[in-house]
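Colleague: Okay, here's the structure, questions in a sec.
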Amino acid sequence: MKKKLTFLGIETSCDETAASVVREKSDGTGEILSNIVSSQVEEHKEFGGVVPELAARSHILKIEFIIKKAIAESNLSFKEIDGVAATAGPGLIVCLTVGLNAGKAIAGTLNKPFVAVNHLEGHALSPKINKKIKFPYLLLLISGGHTQFLKVNGVNNYNRLGTTIDDALGEAFDKTAKLLGIEFPGGPIIEDWAKKGDENYFNLPKPILKKGGCNLSFAGLKTAVLKISKKIKTKKEKYHLAASFQKTINVILKEKTKVAMKEFLKTTKNQKNTFVIAGGVASNFSIRENLIKLAEDNKFNPVFPDKNLCSDNAAMIAWAGIERYKINLLDDLKFPSRARWPLDSTAPFLKGAGLKF
């Protein structure tokens, strides 16, 4: 096997059309030669969220251009890449299919190795592009569609310690923003508004805070925000609600992360423990500060991917492809797209009515 692998990555799991070329470096980290992301914010803004059919149509229109641009900016040719990695799930099937089929077509035409990547594994391994991190490590994945604590034992080897039983954290941010009259995507604006408000103004619920291990719940918090939002009349009160919401999220994450750390340490004997926080919500500065302090207080080294690797991107998909290729985890061109694809296939499905803790 050659020392420096170079992969093309393709990502279309939701509303970003993305392609990237990443090369492995001799020290085990990666060099991002190109990382092209085309957002669809304007297409979905009037609907207050992602419309799958519109997203898929946009992917179809853009995918060829985005891939060619990624290759051009890498200063390589298609023939010079060693393999192709494309997101196969989880995500919106109509969107996934666009990028997955493009990746298969390129790999098949060039007779290159193909790797079908789990989007969550892309996030899980993304910090390793820029930092040397040893397995195992504790991962908090916080994004628009997923909120999970995982023990990352290695590539393709994960133990889920906890998950959300309803809304993902990014979804809770966007729904709260919508209730406050903020245009989609509202998460970043919630963070700005919170700086202008009193975080102690509203006392919001913290569902299953003291039970359920390190599982999380945000639906009750979202309902409370809904009820309050109908009563507030001034912009200042909206700032207070944004601040109170963000503070409540930080309290929940702090308590649940402490439980996850204890669970992680039960089966780990590292001299130095690493706590990785990845996913789009990991860009939130307040959440970063909260989790950095918590990690340091509990003798964990906090690690975040670079901000351009927190939200959906294809560099993390290319990197996951390289990591999987190195341990001979290749896929054929018949690999299907998957709307649901847990990293830990043995973990129980924890969503829906009737759950008890």
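Colleague: Looking at Asp198, Asp174, can you tell me which residue is of a type in the set (Asp, Glu) and modelled with pLDDT of 95 or more? Full working, then the answer.
Modeller: On the way: Asp174 fails: modelled with pLDDT of 95 or more.
Answer to the selection: Asp198.
Colleague: Then there is this: Being more than 17 Å from the chain's Cα centre (by Cα) and aliphatic (A, V, I, L, M) is the filter; apply it to segment 166-192 and report the residue that is surrounded by the fewest Cβ atoms within 10 Å (Cβ to Cβ). Spell out how you get there, then give the answer.
Modeller: So in segment 166-192, the residues more than 17 Å from the chain's Cα centre (by Cα) come out as 175-184, 189-192.
Checking which are aliphatic (A, V, I, L, M) leaves us with 177, 179-180, 182, 189-190.
Details: Ala177: 24, Leu179: 20, Leu180: 22, Ile182: 21, Ile189: 16, Ile190: 24.
Once the filter is applied, the top-ranked residue is Ile189.
Colleague: Additional query: Tell me which of these Ile106 doesn't satisfy, since it passes every other one: (1) touching a helix residue (DSSP H, G or I) at 6+ places or on another chain (Cβ under 8 Å); (2) not in a helix (DSSP H, G or I).
Modeller: Every condition holds for Ile106 apart from (2).
Colleague: Right, here's the next one. So which residues in segment 54-99 are under 14 Å from Ser20 (Cα atoms), of a type in the set (A, V, I, L, M, F, W, C), out of contact with any Leu (no Cβ under 8 Å at 6 or more places or on another chain) and buried (at least 21 other Cβ atoms within 10 Å of the Cβ)?
Modeller: Ile63, Ile66
Colleague: For segment 178-189, does any single residue satisfy the condition of being in contact with a strand residue (DSSP E or B) (Cβ under 7 Å, 6 or more places away or on another chain), closer than 23 Å to Phe304 by Cα and either at pLDDT 95 or above or assigned to a loop (DSSP other than H, G, I, E, B) (or both)?
Modeller: Let us first name the residues in segment 178-189 that are in contact with a strand residue (DSSP E or B) (Cβ under 7 Å, 6 or more places away or on another chain), namely none.
For segment 178-189, residues in contact with a strand residue (DSSP E or B) (Cβ under 7 Å, 6 or more places away or on another chain), closer than 23 Å to Phe304 by Cα and either at pLDDT 95 or above or assigned to a loop (DSSP other than H, G, I, E, B) (or both): absent.
Colleague: Let me ask you something else. Would you pick out the residues in segment 211-220 that are buried (at least 18 other Cβ atoms within 10 Å of the Cβ) and of a type in the set (A, V, I, L, M)?
Modeller: Initial filter on segment 211-220 (buried (at least 18 other Cβ atoms within 10 Å of the Cβ)): 212, 214-218.
Within segment 211-220, just Leu216 meets the criteria.
Colleague: Another one. Starting from segment 126-137, take each residue that is at positive phi and buried (at least 17 other Cβ atoms within 10 Å of the Cβ) and list its partners that are of a type in the set (D, E, K, R) and not in a loop (DSSP other than H, G, I, E, B), counting only C-beta distances under 9 angstrom and pairs at least six apart or across chains.
Modeller: none
Colleague: Identify, from the list Lys112, Lys195, the residue that is more than 17 Å from the chain's Cα centre (by Cα), in contact (Cβ under 8 Å) with a residue 24 or more places away in the chain and assigned by TED's automatic domain parsing to the domain that holds Ser283. Full working, then the answer.
Modeller: On the way: Lys112 fails: assigned by TED's automatic domain parsing to the domain that holds Ser283.
Being more than 17 Å from the chain's Cα centre (by Cα), in contact (Cβ under 8 Å) with a residue 24 or more places away in the chain and assigned by TED's automatic domain parsing to the domain that holds Ser283 holds for just one of Lys112, Lys195, which is Lys195.
Every residue, every condition in (1) buried (at least 17 other Cβ atoms within 10 Å of the Cβ); (2) small (Gly, Ala, Ser); (3) assigned to a loop (DSSP other than H, G, I, E, B); (4) outside the structural domain of Pro207 (by TED's automatic domain parsing), yes or no:
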| residue | (1), (2), (3), (4) |
| --- | --- |
| Phe245 | yes, no, no, no |
| Val251 | no, no, no, no |
| Asn290 | yes, no, no, no |
| Lys293 | no, no, no, no |
| Met316 | yes, no, no, yes |
| Gly321 | yes, yes, no, yes |
| Trp341 | yes, no, yes, yes |
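Colleague: Out of segment 32-50, which residues are within 26 Å of Ala105 (Cβ to Cβ) and free of Cβ contacts under 8 Å to residues at least 12 places away in the same chain? Can you show your working first?
Modeller: Going residue by residue through segment 32-50, those that are within 26 Å of Ala105 (Cβ to Cβ) are 32-40, 43, 50.
Listed by number, the list is empty, since nothing qualifies.
Colleague: Could you tell me whether any residue of segment 197-210 is basic (Lys, Arg), surrounded by fewer than 20 Cβ atoms within 10 Å (Cβ to Cβ) and under 21 Å from Lys175 (Cα atoms)? Even if it seems obvious, please write down each step before you answer.
Modeller: Going residue by residue through segment 197-210, those that are basic (Lys, Arg) are 206, 210.
Now restrict to residues that are surrounded by fewer than 20 Cβ atoms within 10 Å (Cβ to Cβ): 206, 210.
When the remaining residues are screened for being under 21 Å from Lys175 (Cα atoms), the result is 206.
Yes: segment 197-210 contains one or more residues that are basic (Lys, Arg), surrounded by fewer than 20 Cβ atoms within 10 Å (Cβ to Cβ) and under 21 Å from Lys175 (Cα atoms).
Colleague: Additional query: Select from segment 236-285 the residues that are modelled with pLDDT under 95 and of a type in the set (Gly, Ala, Ser) and list them in ascending order.
Modeller: Gly279, Gly280, Ala282, Ser283
Colleague: Something else now. Can you name the residue in segment 12-53 that is charged (D, E, K, R) and not in a strand (DSSP E or B) and, of all such residues, is surrounded by the most Cβ atoms within 10 Å (Cβ to Cβ)?
Modeller: Asp15
Colleague: Is at least one residue of segment 221-231 farther than 28 Å from Gly162 by Cα, assigned by TED's automatic domain parsing to the domain that holds Ala260 and buried (at least 16 other Cβ atoms within 10 Å of the Cβ)?
Modeller: Yes; the residues of segment 221-231 include at least one that is farther than 28 Å from Gly162 by Cα, assigned by TED's automatic domain parsing to the domain that holds Ala260 and buried (at least 16 other Cβ atoms within 10 Å of the Cβ).
Colleague: Can you name every residue in segment 109-123 that is part of a helix (DSSP H, G or I), farther than 23 Å from Pro342 by Cβ and either in contact with a Leu (Cβ under 9 Å, 6 or more places away or on another chain) or of a type in the set (A, V, I, L, M) (or both)? If you could, list the steps in order and put the result at the bottom.
Modeller: From segment 109-123, those part of a helix (DSSP H, G or I) are 109-110, 119-123; that's our starting set.
From what is left, the residues that are farther than 23 Å from Pro342 by Cβ are 109-110.
Residue satisfying the conditions is Leu110 alone.
Colleague: A further question on this structure: Is at least one residue of segment 192-212 more than 20 Å from Ser283 (Cβ to Cβ) and not in a loop (DSSP other than H, G, I, E, B)?
Modeller: no
Colleague: Using the structure shown, decide if Lys128 is in contact with a helix residue (DSSP H, G or I) (Cβ under 9 Å, 6 or more places away or on another chain), more than 21 Å from Leu265 (Cα to Cα) and of a type in the set (D, E, K, R).
Modeller: Against the criterion (in contact with a helix residue (DSSP H, G or I) (Cβ under 9 Å, 6 or more places away or on another chain), more than 21 Å from Leu265 (Cα to Cα) and of a type in the set (D, E, K, R)), Lys128 qualifies.
The values are calculated or read from the model by the stated rules, or taken from the named source; none is laboratory data. Nothing here was measured: the structure is a model prediction, and the numbers come from that model. Methodologically, a virtual Cβ is constructed for each residue, glycine included, from the backbone with ideal geometry; neighbour enumeration extends over all protein chains shown.
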